[in-house]
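Engineer: Dropping the structure in here first, questions after.
The values are calculated or read from the model by the stated rules, or taken from the named source; none is laboratory data. All figures in this text were calculated on a predicted structure; none of them were measured in a lab. Reconstructed Cβ throughout: ideal geometry from the backbone, glycine too, with neighbour counts over all protein chains shown.
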Amino acid sequence: MLFCFISILFFLISNAQFTNLPNFDEKNLKFGYFIGINAYDYKVIYEENPRYPLTVERGTGLNVGLIGEIKIRKNLNLSFEPGLYSNNTKLVFNERLEFTSYNDTLWNIKSNNIHLPILLKYSSNRLNNFRPYLKAGLSTSINLGKIEGSFENYSMENFNLKKIGFYYELAFGIDFYLRYFKFSPSIRGVFSIKNELPENIPKNPWTGNIDKMFTRAIFINLSFY
């Protein structure tokens, strides 16, 4: 809803009488920055069908980063968008018989990811002062966060998700040409392509039946060039 509202607002502003930044897209190299919000989720695959699957409680985090964009041809650009993405997601273990207290059933995944995507951006022809586009590409991230939880009587102090993740990304956005700069809101889906659990995880009530975990995320970014 927020994305739609902002898009409509800037569409009305940009669709004015004059053509803004008429030569902006002639540049071979463009730079910008973005701010935004994110929501992380996890796809969990079990070794056996669990009686009580764990629950993922998604949290909302913040994004901030830089943009470097190289023109390949008229409607095609290559974009590099390094950024810092912070989030706090909760995993709730619903099989209560194995635990001694409610705190045992809750993990906090505190993520601080240095996210490094390389994306192809395909844009439509410009229409007055706006231009829709699609983005797709691959990315990697360095996870500087940690998992917090109750690990009583288990040697799990060093348990964490893998530090390096690999993803594919799909995005839709609109470029709005304003008087002095270009504004570009977008929404993006991010999906991991490799299992993010470490090898030889402990066989205990928390992780004993979990085979694989894959990150899924939504990014809503507001970019400025």
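Engineer: When the residues of segment 82-106 are narrowed to those that are modelled with pLDDT of 75 or more and assigned to a loop (DSSP other than H, G, I, E, B), which ends up surrounded by the most Cβ atoms within 10 Å (Cβ to Cβ)?
Structural biologist: It comes out as PHE93.
Engineer: Can you pull out every residue in segment 154-172 that is of a type outside the set (Asp, Glu) and modelled with pLDDT of 70 or more? Step through it out loud before you land on a result.
Structural biologist: Pass one, segment 154-172, residues of a type outside the set (Asp, Glu): 154-156, 158-168, 170-172.
Hits for segment 154-172 are LEU161, LYS162, LYS163, ILE164, GLY165, PHE166, TYR167, TYR168, LEU170, ALA171, PHE172.
For (1) modelled with pLDDT of 85 or more; (2) over 23 Å from the mean Cα position of the chain (by Cα); (3) exposed (fewer than 13 other Cβ atoms within 10 Å of the Cβ), each residue gets a yes or a no:
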| position | (1), (2), (3) |
| --- | --- |
| LEU116 | yes, no, no |
| LEU120 | yes, no, no |
| SER123 | yes, no, no |
| LEU127 | yes, yes, yes |
| GLU152 | no, yes, yes |
| ILE174 | yes, no, no |
| PHE181 | yes, yes, no |
| GLY189 | yes, no, no |
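Engineer: Being part of a loop (DSSP other than H, G, I, E, B) and acidic (Asp, Glu) is the filter; apply it to segment 36-76 and report the residue that is nearest to ASN195 (Cα to Cα). Walk me through it before giving the result.
Structural biologist: Filtering segment 36-76 for residues part of a loop (DSSP other than H, G, I, E, B) gives 47-54, 58-59, 74-75.
Narrowing the set further to residues that are acidic (Asp, Glu) leaves 47-48.
On the way: GLU47: 14, GLU48: 17 Å.
Taking the candidates together, the pick is GLU47.
Engineer: Please enumerate the residues belonging to segment 60-81 that are buried (at least 17 other Cβ atoms within 10 Å of the Cβ) and of a type outside the set (S, T, N, Q). Spell out the reasoning first.
Structural biologist: Going through segment 60-81, the residues buried (at least 17 other Cβ atoms within 10 Å of the Cβ) turn out to be 61, 63, 65, 67, 69, 77, 79, 81.
Of everything in segment 60-81, those that are buried (at least 17 other Cβ atoms within 10 Å of the Cβ) and of a type outside the set (S, T, N, Q) turn out to be GLY61, GLY65, ILE67, GLU69, GLU81.
Engineer: Could you list, in sequence order, all residues of segment 179-225 that are farther than 19 Å from ALA39 by Cα, among the β-branched types (Val, Ile, Thr) and part of a strand (DSSP E or B)?
Structural biologist: Residue satisfying the conditions is ILE210 alone.
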